[in-house]
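The next block holds one structure in the form of structure tokens; read it before the comments.
Nothing in this text is a laboratory measurement; each read-out follows from the coordinates by a stated rule. These numbers were taken from a predicted model, which means no experiment stands behind them. A quick note on method: Cβ atoms are made from the backbone with ideal geometry, for glycine too, and the neighbour counts reach across all protein chains shown.
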Amino acid sequence: MDSEVGWNLDNSYSRLPEVFFGEATPAKAVSPRVILLNEDLAVLLGLQVEMLSQEVLSGNELPEGATPIAQAYAGHQFGYFTMLGDGRAILLGEQLTPSWNRVDIGLKGSGPTAFSRGGDGLAALGPMLREYIISEAMYALGIPTSRSLSVTLTGNDVIRETILSGAVLIRTASSYLRVGTFQYAAARQEPEDLKKLADYAIERHYPEILSEDNRYERFLGKVIERQAALIAKWQLVGFIHGVMNTDNMTISGETIDYGPCAFMDVYDPATVFSSIDKYGRYKYGNQPGIASWNLARLAETLLPLLDDSQETAIQIAEKQLANFGLNFEREWLNGMRAKLGLLDEQSGDEALGKELLILMKEAKADFTNTFRALSDECVEQPKWFSEDAFCEWKKKWEARREQQTATNEESYEVMRLSNPSVIPRNHRVEEAIEAAEHGDFGVLYELNRVLESPYAYSAEQAPYTAPTNSSLPYRTYCGT
Ligand code: AMP
Ligand code: MG
């Protein structure tokens, strides 16, 4: 295989034992119409726009070298273990990009698979646009994530509470291996299969540890490190995933599964948007704890590979799991320093950051706009910045900044690169989707364009920085 422009698909996942997947054939789209095509991503993949016809983007035509499959996995959904698998996603293969990255590429919403469990395998336009908008916004924010190549109307109806327009999303990720893939292997109690999966995952994501004697322990440690870094990034921009089931947590450390996710407006750790998350299991403030819980589930699956003695294996796993908190705290604190324009480290920095968060909660402050206003004194300053408590905090913050060798200019520069001016605000996302559902795509294109440069602080972004003026709580829905 060469690295020239064009489809360059390999199918290493399909060379795993057959139990890890089922065959799948995309359903026929009666009249495909491409709504979104991500040309920048196409270039990174080594694909020319001319190769991405509506027939290919709808799943009607398979690219050369594709072996369509649905992946098998299990997962703890809201704490309960279930055997799952791709019920509405079809992996086409792994595109080898011009820079020699191996990238999973697949369809979502292209009809039932062996794992659909009674579901129709379809997706409506709205949720696919949501995944496109938010995953690409996350990418632009610098957060590891799956990406979206296209959204194509299929011309087929999707029956939900009402009849909706069907759509297919093409998405990519460094892989879709999940904690749940390991749970699936472990639940089947075939140690050889589990080992093959682990070796495959190591080769794909952590090749540097392949030849190490304790590679499975190091593997667990690496996944923990990447996930801790990821969740810290989520917390620092106010991203709430909404459905952190173990099947939605990757081995690579990328964000996947954009269902009921949303960005927090008013800072409150209890924020939850998902309509099905009745007890707030996946609320903003729980995300680090849930990630750690999920990683413990991963560790359990690896026990047979960690040591022959179960007792020793548990000790090894526990030692690694204990690092999650340390890694998370370190990543979070470094990120918070950058948000506050602190370029060196002092022992009081954590307290300074956390004091601000307490004030923000009391003031019911907008998360993004608080940091935006701190980063740029020219933008409208929030009213609560004139309150005594904030003024006192600000004095401390300014005194702290004066103690560093970095200039004020350097400090502000780091802040503007760490505090987005624009995020996909819920009312803007809804507005764009609603217009698209009525055939007007301009609002969507404009929103996506603005979200491409979240740290630009440009004048044209100003209208996209305003919080919603609705007083109703925002709700998101899963699997729709
Ligand atoms: P999610 O909450 O998106 O992670 O989905 C949980 C499980 O439900 C996964 O196995 C999905 O593939 C499956 N699923 C979600 N929506 C559908 C659908 N419309 N048809 C079939 N399976 C689905
Ligand atoms: Mg999922």
Quiz item: Whose amide H sits under 5 Å from the amide H of N156, counting only residues 5 or more places off or on another chain, with H placed in the peptide plane?
Solution: V30, S31, G166
Quiz item: If you find the alpha carbon centre of segment 410-438 and of segment 249-315, how far apart are they in angstrom?
Solution: 25 Å
Quiz item: What residues have an amide H closer than 5 Å to that of Y73, excluding those fewer than 5 places away on the same chain, when H is modeled at 1.01 Å from N in the peptide plane?
Solution: L84, G85, D86
Self-check item: Approximate spin-label separation A351-D308, in nm, with each point projected 7 Å along Cα-to-Cβ
Solution: 5.3 nm
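Looking at segment 168-232, which GluC sites (Glu not before Pro) are in a loop (DSSP not H, G, I, E or B) and have at most 13 other Cβ atoms within 10 Å?
Here the GluC sites (Glu not before Pro) that fit, given the DSSP loop and packing criteria, are E212.
Out of all DSSP beta bridges in the chain, what portion is antiparallel? Express it as a percent rounded to 5.
Values: 42 of 44 bridges.
That works out to approximately 95 percent antiparallel.
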Self-check item: Calculated from backbone phi, Karplus (6.51, -1.76, 1.60) coupling profile of segment 468-476 in Hz, x at Gly/Pro
Solution: 4, 9, 7, 9, 7, x, 7, 10, 10
Quiz item: Can you run phi through the Karplus equation (6.51, -1.76, 1.60; θ = phi - 60°) for segment 109-121 and list ³J(HN,Hα) in whole Hz, with x for Gly and Pro?
Solution: x, 9, x, x, 10, 4, 10, 6, 6, x, x, 8, x
Quiz prompt | Cα-based convex hull volume of segment 177-421 per residue, rounded to whole Å³ | solution = 146 Å³
Practice problem: Return the FRET efficiency for the residue pair D40, H438: r is the Cβ-Cβ distance, R0 is 30 Å, and the value is rounded to the nearest 0.05. | Solution: 0.65
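Taking neighbour counts of Cβ atoms within 10 Å as a proxy for exposure, in what order, fewest first, do C391, C478, C261, C378 appear?
Details: C391 10, C478 15, C261 26, C378 7.
Going from least to most buried by this count: C378, C391, C478, C261.
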Quiz item: From the phi of every residue in segment 408-425, what ³J(HN,Hα) in whole Hz does the Karplus formula 6.51 cos²θ - 1.76 cosθ + 1.60 yield, where θ is phi - 60° and glycine or proline is x?
Solution: 4, 5, 4, 5, 5, 4, 4, 4, 5, 8, 10, 10, x, 7, 10, 10, x, 5
Quiz item: How many nm is it between the label spots at K396 and V379, if each spot is 7 Å from the Cα in line with the beta carbon?
Solution: 2.4 nm
Practice problem: Please go through segment 184-216 and write out the trypsin sites (Lys or Arg not before Pro) that DSSP classes as loop and that have at most 16 other C-beta atoms within 10 Å. | Solution: R188
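Any of K233/K278; K354/K394; K108/K278; K283/K395; K364/K394; K196/K222 with alpha carbons more than 21 Å apart? Name them for me. Don't skip to the end; give the middle numbers.
Details: K233/K278 25 Å; K354/K394 13 Å; K108/K278 27 Å; K283/K395 32 Å; K364/K394 18 Å; K196/K222 18 Å.
Table pairs above 21 Å Cα-Cα are K233/K278; K108/K278; K283/K395.
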Exercise. Over every pair of different alpha-carbon atoms in segment 10-87, take the mean of 1/r and invert it; report that Kirkwood radius in Å.
Key: 15.1 Å
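Work out, step by step, the length gained on full extension between N334 and L417: first 0.36 nm times the residue separation, then minus their alpha carbon distance; give nm to one decimal. Can you show the working numbers first?
Numbers: separation 83, 0.36 × 83 = 29.88 nm, distance 1.36 nm.
Net length gain for the segment: 28.5 nm.
Cα-based Rg of segment 163-317 per 2.2 N^0.38 Å, rounded to two decimals? Before the final figure, lay out each step's value.
On the way: Rg = 17.0 Å, N = 155, 2.2 N^0.38 = 15.0 Å.
That ratio works out to 1.13.
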Quiz prompt | Ellipsoid semi-axes in whole angstrom, largest first, where each is sqrt(5λ) of the Cα gyration tensor of segment 2-176 | solution = 23, 20, 17
Quiz item: Quick one: Cα centre-to-centre distance for segment 143-161 and segment 1-61, in angstrom?
Solution: 14 Å
Quiz item: Counting other Cβ atoms within 10 Å of each Cβ, which GluC sites (Glu not before Pro) in segment 373-417 have at most 14 and sit in a DSSP loop?
Solution: E377, E380, E387
Quiz item: For A365, which sequence-distant residues (separation of 5 or more, or a different chain) have an amide H within less than 5 Å of its own amide H, given hydrogens modelled in the peptide plane?
Solution: Y267
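Once you wrap a convex hull around the alpha carbon atoms of segment 289-401, what is its projected area averaged over all directions, in nm²?
Numbers: hull surface 36.6 nm².
For the Cα atoms of segment 289-401, the hull's average projected area reads 9.2 nm².
Between Rg and the Kirkwood Rh of the chain, both from Cα atoms, what is the Rg to Rh ratio? Could you put the intermediate results ahead of the total?
Working: Rg = 22.8 Å, Rh = 23.5 Å.
Rg divided by Rh gives 0.97.
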Quiz item: Along the principal axes of its C-alpha atoms, what lengths does segment 82-210 span, in descending order and rounded to whole Å?
Solution: 49, 36, 22
Exercise. Could you tally the net charge around G121, taking each other residue with its Cβ under 11 Å from the Cβ of G121, Lys/Arg +1 and Asp/Glu -1?
Key: +1
Exercise. Specify the longest stretch of the chain that does not include any exposed loop site, a site being one of the chymotrypsin sites (Phe, Trp or Tyr not before Pro) with a non-H, G, I, E, B DSSP assignment and at most 11 other Cβ atoms within 10 Å.
Key: 280-480
Exercise. State the Cα centre-to-centre distance between segment 361-376 and segment 225-245 in whole Å.
Key: 20 Å
